[in-house]
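The values are calculated or read from the model by the stated rules, or taken from the named source; none is laboratory data. Predicted model, so just to flag it, every value in this text is computed and none were measured. Virtual Cβ from ideal backbone geometry, glycine too; neighbours counted across all protein chains shown. The area values use the complete protein model at the heavy-atom level, side chains included, leaving out ligands, DNA and RNA. Shrake-Rupley method; radii C 1.70, N 1.55, O 1.52, S 1.80 Å.
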Amino acid sequence: MLILGIETSCDETATAVIQDGQRILSNVVLSQIAIHQPYGGVFPEVAARQHVLAIDTVIEQALLEADTALSDLDALAVTSGPGLVGSLLVGVNAAKGIALATGLPLVGVNHLEGHIYSNWTRPLGPQGNDWQPPSLPALLLIVSGGHTNLVLMPEHGVYRLLGHTIDDAAGEAFDKIARLLGLSYPGGPAIQQAALDGHPDAFSLPVAHLAGYDFSFSGLKTAVLRQVQQLERATGASIDPGRRLKTAYAALLTPQQISDLAASFQWALVSALVERTQQAASTHDVAHVCVCGGVSANVLLRQRMRAAIKLPVSFPPLYLCTDNAAMIGVAGSYAFRRGEISGLDMDVVARPPWPHRSPLAT
Ligand code: KG4
Ligand code: ZN
């Protein structure tokens with residue numbers, strides 16, 4: 001079975017050809033990061049336009065690298081949401097065009113379900129030889145730029161939300177704190193890099209403890225901002241105390257202070273993720289813990305999660321942590337096997353209500 005995956009939900013134009021629901025024959029990712037970097041985040045209209053410019057070439061490239069033609073495919077899997085509507089539309093319309101021209105079935109894939117299935121993808125190279133997919137039931141921690149969810153997955157295609165963030169997503173917090181510290185976009189890798197020269201206990205930052213399995217990162221963000229203001233005041237500069245995170249920029253800090261703040265922030269945020277996941281893993285009957293989404297690339301998160309959880313823990317290979325179409329092709333393969341075919345009237349949804357909150361969450 002061959003499936004072409006298409007992903008354009010944010011700022012990556014991505015396509016992939018997946019064989020038998022697990023083997024990556026090609027995985028093309030055209031990143032727009034350099035284009036959005038001057039804005040410190042994704043500029044939605046620019047992202048959509050770049051997808052339009054790139055999509056045809058990127059689809060051709062995936063087919064070429066997989067030595068496949070459209071006529072060899074069994075289905076098309078495309079991200080239908082959540083994401084930026086203008087961006088999503090480009091991928092969905094490209095897929096619809098191919099479906100109309102070829103008669104291939106179309107499978108709409110939830111972007112977060114795609115991230116989940118990055119853990120069900122056979123790794124490239126020798127690592128893939130003795131690879132086994134994660135066992136079910138699994139506990140999933142989805143940590144991306146737009147989402148932070150703890151989810152139970154009793155079987156394929158069945159998801160129960162245990163908890164989510166009540167304010168910023170983990171990746172969003174990384175991006176905002178990176179901007180405050182004058183580091184580059186995307187913030188996660190930049191903070192991880194800066195933290196290498198810092199001390200995680202240099203600043204004591206709060207970790208929110210909400211009831212249940214929800215997360216909150218706004219208190220942590222404000223605490224970093226207050227620390228920055230305090231350090232800047234210590235230089236004798238006059239600082240506007242009402243300055244908000246959006247407009248603040250730590251121009252007066254030394255490189256060591258920036259590294260210490262990056263390390264302390266990263267430690268506190270990772271603590272929140274690990275503590276909640278550990279709590280959920282020990283309370284629910286699960287055989288495996290899978291972490292996914294852009295933040296799952298974080299080295300400290302990988303180390304601390306593996307040390308804290310006694311069950312097998314899976315992370316996607318680094319090249320599948322951030323947005324890609326291989327994960328969409330794999331998730332789409334499972335959905336296709338279940339007969340979940342979308343019509344040509346499939347629409348994009350910026351914020352689909354998925355997964356639903358579980359009665360087990362309380
Ligand atoms: O999953 P993703 O590519 O896009 C969304 O679906 O949102 O995640 C992007 C997010 C960004 O916020 C980025 O800062 C974060 O993932 N990220 C990281 C790392 N690499 C990417 N966060 C922490 N540590 C990293 N190494
Ligand atoms: Zn994503």
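For segment 273-292, indicate whether the set of residues that are within 16 Å of ligand 1 (Cβ to nearest atom) and of a type in the set (G, A, S) is non-empty.
no
For V270, state whether it is in contact with a Leu (Cβ under 6 Å, 6 or more places away or on another chain), within 16 Å of ligand 2 (Cβ to nearest atom) and either aliphatic (A, V, I, L, M) or in contact (Cβ under 8 Å) with a residue 60 or more places away in the chain (or both).
In short, no.
Name the residue, out of A237, A173, that is assigned to a loop (DSSP other than H, G, I, E, B) and touching a residue at least 12 places away in the same chain (Cβ under 8 Å).
Of the residues listed, the single one that is assigned to a loop (DSSP other than H, G, I, E, B) and touching a residue at least 12 places away in the same chain (Cβ under 8 Å) is A237.
Kindly evaluate G219 against the criterion of being in contact (Cβ under 8 Å) with a residue 12 or more places away in the chain, more than 16 Å from ligand 2 (Cβ to nearest atom) and among the small types (G, A, S).
Against the criterion (in contact (Cβ under 8 Å) with a residue 12 or more places away in the chain, more than 16 Å from ligand 2 (Cβ to nearest atom) and among the small types (G, A, S)), G219 qualifies.
Take A350 and tell me if it is open to solvent by 20 Å² or more (accessible area, probe 1.4 Å), hydrophobic (A, V, I, L, M, F, W, C), within 15 Å of ligand 2 (Cβ to nearest atom) and assigned by TED's automatic domain parsing to the domain that holds G83. Walk me through it before giving the result.
Numbers: open to solvent by 20 Å² or more (accessible area, probe 1.4 Å): yes; hydrophobic (A, V, I, L, M, F, W, C): yes; within 15 Å of ligand 2 (Cβ to nearest atom): yes; assigned by TED's automatic domain parsing to the domain that holds G83: yes.
When the stated conditions are applied, A350 passes them.
List the pairs whose first member sits in segment 47-64 and is more than 15 Å from I35 (Cα to Cα), whose second member is open to solvent by less than 90 Å² (accessible area, probe 1.4 Å) and small (G, A, S), and whose Cβ atoms are under 6 Å apart, counting only residues at least 6 apart or on separate chains?
As it stands, the answer is I55/A94; A62/A16; A62/S26, since those pairs meet every condition given.
Look at segment 100-120 and say how many of its residues are small (G, A, S) and either under 15 Å from G332 (Cα atoms) or crowded, with 18+ Cβ neighbours inside 10 Å (or both).
Residues meeting the conditions: 3.
What's the number of the condition T8 fails, among (1) within 16 Å of ligand 1 (Cβ to nearest atom); (2) modelled with pLDDT under 95?
Looking at each condition in turn, T8 falls short on (2).
Being of a type in the set (G, A, S), under 25 Å from A190 (Cβ atoms) and modelled with pLDDT under 95 is the filter here; which residues of segment 241-298 pass it?
A248, A250, A251
I'd like to check something: does segment 211-229 contain any residue that is surrounded by fewer than 21 Cβ atoms within 10 Å (Cβ to Cβ), in contact with a helix residue (DSSP H, G or I) (Cβ under 8 Å, 6 or more places away or on another chain) and of a type in the set (V, I, T)?
no
Do we have L162 as more than 17 Å from the chain's Cα centre (by Cα), part of a loop (DSSP other than H, G, I, E, B), of a type outside the set (D, E) and over 18 Å from R338 (Cβ atoms) here?
Answer is no for this residue.
Pull up segment 121-153, narrow it to residues that are open to solvent by 50 Å² or more (accessible area, probe 1.4 Å) and touching a strand residue (DSSP E or B) at 6+ places or on another chain (Cβ under 8 Å), then point me to the one that is farthest from F217 (Cα to Cα).
So the residue we want is L124.
When segment 182-203 is examined, which residues are found to be modelled with pLDDT under 95 and more than 16 Å from ligand 2 (Cβ to nearest atom)?
Passing the criteria: G182, L183, S184.
Residue check, D20 against (1) closer than 28 Å to P133 by Cα; (2) within 16 Å of ligand 2 (Cβ to nearest atom), all met but one. Which one?
(2)
Among the candidates A47, A34, single out the residue that is within 16 Å of ligand 1 (Cβ to nearest atom) and closer than 13 Å to G91 by Cβ.
A47
With the requirement that a residue be open to solvent by less than 30 Å² (accessible area, probe 1.4 Å) and part of a helix (DSSP H, G or I), what does segment 276-290 give you?
Within segment 276-290, R276, T277, A280, A281 meet the criteria.
In segment 1-12, what residues are open to solvent by less than 20 Å² (accessible area, probe 1.4 Å) and touching a Gly at 6+ places or on another chain (Cβ under 8 Å)?
Residues satisfying the conditions are I3, L4, G5, I6, E7, T8, S9.
Any idea how many residues of segment 291-331 are closer than 17 Å to Q127 by Cβ, surrounded by 24 or more Cβ atoms within 10 Å (Cβ to Cβ) and more than 13 Å from the chain's Cα centre (by Cα)?
2
Suppose the filter is assigned by TED's automatic domain parsing to the domain that holds G81, away from ligand 2 (no atom under 16 Å from the Cβ) and β-branched (V, I, T); does I341 pass it?
For I341, the condition - assigned by TED's automatic domain parsing to the domain that holds G81, away from ligand 2 (no atom under 16 Å from the Cβ) and β-branched (V, I, T) - is met.
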